[in-house]
Amino acid sequence: MKSILITGAAGFLGSHLCDKFIKEGYRVIGMDNLITGDLKNIEHLFKLEQFEFYNHDVSKFVHVAGKLDYILHFASPASPIDYLKIPIQTLKVGSLGTHNLLGLAKEKNARILIASTSEVYGDPLVHPQTEDYYGNVNTIGPRGVYDEAKRFQESITMAYHRFHGVETRIVRIFNTYGPRMRLNDGRVIPAFIGQALRGEDLTVFGDGSQTRSFCYVDDQVDGIYKLLLSDYAEPVNIGNPHEISILDFAEEIIKLTGTKQKIVFKPLPKDDPMQRQPNIERAKSVLGWEPKVNREEGMRTTYNYFKSLTPEELQRSEHKDFSAHNKK
Ligand SMILES: NC(=O)c1ccc[n+]([C@@H]2O[C@H](COP(=O)([O-])OP(=O)(O)OC[C@H]3O[C@@H](n4cnc5c(N)ncnc54)[C@H](O)[C@@H]3O)[C@@H](O)[C@H]2O)c1
């Protein structure tokens, strides 16, 4: 049985990846310090013999006993509200955490895939973004803590690949959504769904002409799985290129939820990218991957998931208290 360590296992993407690798017959070791994640996302796995969980901060030294074939490094705050509240933790997990996991990969002779992001392109001057675009990032802006941590993460990963011969993979993830996202985390889909569930008007920042493209989680997990098992070490964009303006998307949500809300406009936050769309030609040619789930189907499943949560679960999904972590 192949063994895989998944960091960020209790988070949105990490928990779906745990499900995927369990289904594919792997022994899965989940690791998470629960700073933004929730054990509820993986509690269904605790009864399985082939699943183990460690509550550990990967910015500290990481030890795992026994053989390890693969590592997926997904631990990191991922949403604007989170990383603006825990900037130092975000920088540490992208830098120190990645260093620790690359060290572990080297020691165990394991292949490691790290979760990078479309944010490495910053507010892009090239559209859609191909992997050879270097990006347009404000190092000292509020979002710099995330963007630069991820850019450093890519650099140190390539250095371990070139200098130590570690087998590395880099996925540049574009906006992904689905069940187990947290509500009210600053990202547009949970923000709109949260507002729809609470019967509030939908907030659009700026005039809503900025675009996003949203990838359903099952497609994202499939792309990551294929990349891990490929022999390709350069970064690969995984996302859905189908682009929509935020204003049109808000109107789609109103139609989907059948609510009577209006759309209200607020000023655009600093460094909010105007356009975001992956070029996925590399994923198509190297991995034979492209997204399959359309937005209507993906959004319906996601909305139904949030509707099925109890009021306590919804409350937990909306409010995270970072005070204890920020003292560390
Ligand atoms: N969801 C997206 O659309 C998206 C887009 C681009 C990149 N990503 C990347 O994918 C990864 C997962 O994102 P997500 O959306 O699932 O976020 P998430 O917040 O749901 O999950 C991240 C998980 O990492 C854990 N974590 C954070 N710091 C840690 C630390 N120091 N030690 C151990 N665990 C720690 C959190 O508790 C959480 O469970 C992140 O690296 C993120 O940058 C996600």
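No lab work stands behind these numbers, since they all come straight from the coordinates. Keep in mind that this is a model prediction, so the values were computed, not measured. Using ideal geometry, Cβ is built from the backbone for each residue, glycine included, and neighbour counts are taken over all protein chains shown.
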Original post:
Taking chymotrypsin sites (Phe, Trp or Tyr not before Pro) as exposed when DSSP calls them loop (any state but H, G, I, E, B) and at most 12 other Cβ atoms lie within 10 Å, what is the longest stretch of the chain free of them, the sites themselves excluded?
Top reply: 135-328
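So what is the relative contact order for the chain, in percent, with contacts set as C-alpha pairs under 8 Å and at least six apart?
Relative contact order, the chain: 17 percent.
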Original post:
Counting other Cβ atoms within 10 Å, which trypsin sites (Lys or Arg not before Pro) in region 2-54 have at most 16 and lie in a DSSP loop?
Top reply: LYS2, LYS47
**OP:** Could you tell me what % of all Cα pairs in region 21-130 have separations over 20 Å?
**Re:** 48 percent
**OP:** Figure the gain on full extension for GLU243 and TYR54 (residue separation times 0.36 nm, minus the Cα-Cα span) and round it to one decimal in nm.
**Re:** 64.2 nm
Original post:
Summing Lys, Arg as +1 and Asp, Glu as -1, what charge do residues with Cβ under 14 Å from the Cβ of ARG111 carry, ARG111 excluded?
Top reply: +2
**OP:** Report, in degrees rounded to the nearest 10, the 0 to 90 angle that the Cα long axis of helix 12-23 makes with the longest principal axis of the chain.
**Re:** 50 degrees
**OP:** Return the percentage of antiparallel bridges among DSSP beta bridges fully within the chain, rounded to the nearest 5 %.
**Re:** 10 percent
Original post:
Can you give the angle from 0 to 90° between the axis of helix 144-164 and the longest principal axis of the chain, with both taken from C-alpha atoms, to the nearest 10?
Top reply: 30 degrees
Subject >> Folded to 0 to 90 degrees: helix 246-257 orientation relative to the chain principal axis, Cα >> reply: 80 degrees
**OP:** State the dimensionless ratio Rg/Rh of the chain (Rg: radius of gyration of Cα atoms; Rh: Kirkwood radius).
**Re:** 0.94
Original post:
So what is the 222 nm mean residue ellipticity for the chain from helices alone, if each DSSP H run of at least 4 adds -39500 (n - 2.57) and you divide by all residues, rounding to the nearest 500 deg cm²/dmol?
Top reply: -11000 deg cm²/dmol
Subject >> Contact order normalised by residue count of region 19-115, Cα under 8 Å, 6+ apart, percent >> reply: 30 percent
Original post:
What is the log10 of I(q)/I(0) for region 106-217, computed with the Debye formula using one identical point scatterer on each Cα and no solvent, at q = 0.10, 0.11, 0.22 Å⁻¹?
Top reply: -0.41, -0.49, -1.31
Subject >> Rule-of-thumb Rg ratio for region 71-120 [Cα; 2.2 N^0.38 Å; N residues] >> reply: 1.22
